[in-house]
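> Sharing a structure, written as structure tokens. Questions coming.
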Amino acid sequence: MIIGMALSSPAQRRGTNKTKPVYSGYLFTYFTGNDKSKEQICFALSDDGYHFKALNGNQPVLRSTDISETGGVRDPHILRGADGKTFYMVATDMVSAKGWNSNRGLVLMRSSDLIHWTSTAINLQTKYAGQDSLLRVWAPQTTYDAQAKKYMIYFSTKYGHQPDKIVYVYANKDFTDLEGEPKQLFFNPEQAACIDGDIQQKDGKFYLFFKTEDRRPGIKIAVSERLTTGYKMQSNDYVQQTDKPVEGAGTFRLNDGSGYILMYDMYTSGRYQFTKTTDFKTFKAIDEDVSLDFHPRHGTVMPVTAEEMARLRSAW
């Protein structure tokens, strides 16, 4: 089914001498609330990574009923592919009104223009054997595994009375299905629930931001030199710059090279917080520098070119 759009990162290109695109702005993909009418994918644009304006009047750019099994989607993540011109988006296939243990799958989407998308809804309980105790599948994200030369999808799952765990699996070539069975990506030494994983690569290391449910909900970081294994806690410190509950960590590199943004959903406060870092160890809240003309829930940001921004504005 054709419905929308997707992103890819030129830095991941292989075997090409093409000039690297110049990024002029940022695309923010998000959903807006727990009502079914708000569990849909929305887009916003920014020139500088600090000031975002919603596209399409803050109304959905893709209809959840067209792409999902449940009729709702949450937690969208968008990625520019290794070829620099294909975009991949994944989302939780879920309507929260049916209960926090009601969903069993995710949605895979692909696009070549960020406007028109093909999609596949995947139910893990029907795809794999031995899934009777599966309760939920949350917050998928995609990254390119340069060694495997495949797209890796990682997300959290909960089975029975076990804590939520972050697992990974590879997508097939067409990004329409999953290959093999999910494997655990990170083993929390505190045996606490881990959800909302977000991987950022920097200086040859992989940084896994995640929400842990030990003692109080918050965001921590595990680090590895390999994408699929070996993650160790960077410290026991929380990195959010608030004492309010947070979830949905999303990181992106600023186009001017001045650092990285870690943003997260302050889900009980009805707002987002942006923080800035250069080393993934110290984070500074930059609320006074940020403006949004919408109220996002758990979303992600990726860089876009001037041409892509013009295309998005023309479409919505």
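Each reported figure results from applying straightforward, stated rules to the coordinates on display, with no laboratory input. Bear in mind that the values here come from a model prediction, so they are computed numbers and not experimental data. When we count neighbours, we look across all protein chains shown, and the Cβ atoms used for this are built from the backbone with ideal geometry, even at glycine.
> Under a 5 Å amide H to amide H cut-off, with H placed in plane at 1.01 Å, what residues pair with residue 272 once short-range neighbours are removed?
Those qualifying (amide H under 5 Å, at least 5 residues apart or on another chain) are 266.
> Calculate the radius of gyration of the Cα atoms of the chain to one decimal place, then report Dmax, the largest Cα-Cα distance, as a whole number, both in Å.
Every Cα atom of the chain included, Rg and Dmax give 17.9, 51 Å.
> Suppose R0 equals 25 Å; then what is the FRET efficiency for residue 307 and residue 277 from their Cβ-Cβ distance, rounded to the nearest 0.05?
0.25
> What order do you get for 213, 39, 307, 247 when you list them from fewest to most C-beta neighbours inside 10 Å?
In increasing order of surrounding Cβ atoms, one gets 307, 213, 247, 39.
> Same structure again: Residue 179 to residue 229: extension gain in nm, 0.36 nm per residue of separation minus the Cα-Cα distance?
Contour length minus Cα-Cα distance gives 16.2 nm.
> Around residue 270, what is the net charge, scoring Lys/Arg as +1 and Asp/Glu as -1 over all other residues with Cβ under 11 Å from its Cβ?
Residues near residue 270 contribute +2 overall.
> Applying the Karplus parametrisation 6.51 cos²θ - 1.76 cosθ + 1.60 with θ = phi - 60° to the phi angles of the range 131-142, what ³J(HN,Hα) value in whole Hz is obtained for each residue in order, glycine and proline being reported as x?
In residue order, the calculated couplings are 10, 4, 8, 5, 9, 7, 9, 10, 6, x, 9, 10 Hz.
> Please list the non-local residues whose amide H lies under 5 Å from the amide H of residue 25, H modeled 1.01 Å from N, same-chain partners needing a gap of 5 or more.
304
> In sequence order, what are the phi-derived ³J(HN,Hα) couplings for the range 56-61 according to the Karplus relation 6.51 cos²θ - 1.76 cosθ + 1.60 with θ = phi - 60°, rounded to whole Hz, with x for glycine and proline?
For the range 56-61, the Karplus curve yields 6, x, 6, 9, x, 9 Hz.
> What nm value, rounded to one decimal, do you get for the distance between residue 268 and residue 314 when each label is placed 7 Å out toward the C-beta?
4.7
> Something else about it: Counting only C-alpha contacts under 8 Å and six or more residues apart, can you give the relative contact order of the chain as a whole percent?
RCO, the chain: 17 percent.
> Of 85/183; 202/244; 173/202; 165/220; 211/244, which pairs sit farther than 19 Å apart, going by alpha carbon to alpha carbon?
Long pairs (Cα-Cα over 19 Å): 85/183; 202/244; 173/202.
> Put a dot 7 Å past each Cα toward the Cβ at residue 172 and residue 127; how far apart are the dots in nm?
It works out to 1.0 nm between the two label points.
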